[in-house]
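First the structure, in the form of structure tokens, and then the observations on it.
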Amino acid sequence: MNIFDFGVHFTDEKSCRTHFKEERDKIGVICNRCQGTQHYWLKNKWSYECKSCSSRQSLRSGTIMQGSKLSFLVWYKTIFLLSTTKKGFSSK
């Protein structure tokens, strides 16, 4: 994928969140409280709720994006640029 294809696939925040959710669902979500693997998806809150203990977990929880205020689009662009360049980028 090149930068132009990336711009076509990920045009806004919602497309990035949807893609991230699909990929996270493939891996599976584990509850932080009870270690349960069965969850409901709360669409209006963009978070998971454990079927066992009703604990909520955000989409970012347990990832490198946890605690970040940056949007998914910014994270996606950054990850894309870092992973596609041969020499990398400066952290500045």
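In square angstrom, what is the accessible area per residue of the chain with a 1.4 angstrom probe? If you can, show how the numbers build up before the last one.
Numbers: 6810 Å² over 92 residues.
That works out to 74 Å² per residue.
How would 1, 65 rank on accessible area, largest to smallest, probe 1.4 Å? Numbers along the way, then the final one.
On the way: 1 125, 65 5 Å².
In descending accessible area the options line up as 1, 65.
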Coil-residue trypsin sites (Lys or Arg not before Pro) of the stretch 1-48, DSSP, other Cβ within 10 Å capped at 13: 33, 43, 45
Principal-axis tilt of helix 72-84 within the chain, Cα atoms, nearest 10 degrees: 50 degrees
Going by alpha carbons, how many degrees (0 to 90, nearest 10) lie between the helix axis of 13-27 and the longest principal axis of the chain? 60 degrees
Once the Cβ-Cβ distance between residue 44 and residue 8 is put in as r, and R0 is 35 Å, what FRET efficiency do you end up with, to the nearest 0.05? 0.80
Find the centroid of the Cα atoms in the stretch 17-38 and in the stretch 42-84, then give the distance between the two in whole Å. 10 Å
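Using the Cα atoms of the chain to build a convex hull, what is its mean projected area in square nanometres? Mind dumping the intermediate values first?
Numbers: hull surface 28.4 nm².
For the chain, the mean projected area of the Cα convex hull comes to 7.1 nm².
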Under the 0.36 nm per residue contour assumption, what length would be gained going from the current alpha-carbon distance of residue 77 and residue 30 to full extension? 14.3 nm
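Nearest 0.05, what FRET efficiency do residue 58 and residue 84 give at R0 = 22 Å with Cβ-Cβ as r?
Numbers: r = 27 Å, r/R0 = 1.24.
The calculated FRET efficiency here is 0.20.
In what sequence, highest mean first, do 51-57, 3-9 appear when ranked by Cβ atoms within 10 angstrom?
Values: 51-57: 13.7, 3-9: 11.0.
Highest to lowest by the protection proxy: 51-57, 3-9.
The values are calculated or read from the model by the stated rules, or taken from the named source; none is laboratory data. From a predicted model like this one, the values you see are computed outputs, not experimental measurements. In this analysis, Cβ positions are derived from the backbone assuming ideal geometry, glycine residues included, and neighbour counts consider all displayed protein chains. With ligands, DNA and RNA removed, areas are computed over all heavy atoms of the protein, side chains included. Shrake-Rupley method; radii C 1.70, N 1.55, O 1.52, S 1.80 Å.
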